[in-house]
């Protein structure tokens, strides 16, 4: 693990300042971690945007099949996909002008992390907002 993957300035920016979180892989399956974390984000005052090929409405929010289909600005792209599938969403986040990318616990793509850094986009990977809030005593 590289400590820069969880740069605290990037974590603070996303958790404290950025409001609209596109949650890649979010579906109506309440047993999935993506669902529980999206619900936590909502409880913390964040607007969630489900990103899923089926574009379901989840937790009262309209879904979209891709990040490019979202008709308003996205602050954070939160990726719940396997490491080998995560990089394309980092690239899409850069393309749509997101302000940050968060790869969930266990999701690691070092090349995508470097692409985000090269694009000037803060990125966090291999951790979870729930863990980071807990570590901050929140």
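Checked against the criteria, residue 65 does not count as touching a strand residue (DSSP E or B) at 6+ places or on another chain (Cβ under 7 Å), farther than 13 Å from residue 102 by Cβ and touching a residue at least 12 places away in the same chain (Cβ under 8 Å). Scanning the stretch 50-85 for residues that are in a strand (DSSP E or B) and surrounded by fewer than 20 Cβ atoms within 10 Å (Cβ to Cβ) yields 61, 64.
Could you look through the stretch 11-36, keep only residues that are part of a helix (DSSP H, G or I) and in contact with a helix residue (DSSP H, G or I) (Cβ under 7 Å, 6 or more places away or on another chain), and pick out the one that is surrounded by the most Cβ atoms within 10 Å (Cβ to Cβ)? Ranking the qualifying residues of the stretch 11-36, first place goes to 11. Looking across the stretch 95-114, the residues that are touching a strand residue (DSSP E or B) at 6+ places or on another chain (Cβ under 9 Å) and either surrounded by fewer than 20 Cβ atoms within 10 Å (Cβ to Cβ) or in contact (Cβ under 8 Å) with a residue 40 or more places away in the chain (or both) come down to 96, 98, 99, 100, 102, 104, 113.
Hey, could you check the stretch 115-126 for residues that are farther than 20 Å from residue 66 by Cα and touching a strand residue (DSSP E or B) at 6+ places or on another chain (Cβ under 8 Å) and say which is surrounded by the fewest Cβ atoms within 10 Å (Cβ to Cβ)? Step by step, filter the stretch 115-126, then rank; the result is 117. Only one entry of 91, 84 meets the criterion of being over 14 Å from the mean Cα position of the chain (by Cα) and either at pLDDT below 95 or more than 22 Å from residue 15 (Cβ to Cβ) (or both), and that entry is 84. The requirement of being in a helix (DSSP H, G or I) and more than 26 Å from residue 110 (Cβ to Cβ) is satisfied by residue 42.
The values are calculated or read from the model by the stated rules, or taken from the named source; none is laboratory data. Only a predicted model underlies this, so the values are computations on that prediction, with no experimental measurement involved. Neighbour counts are summed over all protein chains in view; Cβ atoms, including those assigned to glycine, are modelled from backbone coordinates with ideal geometry.
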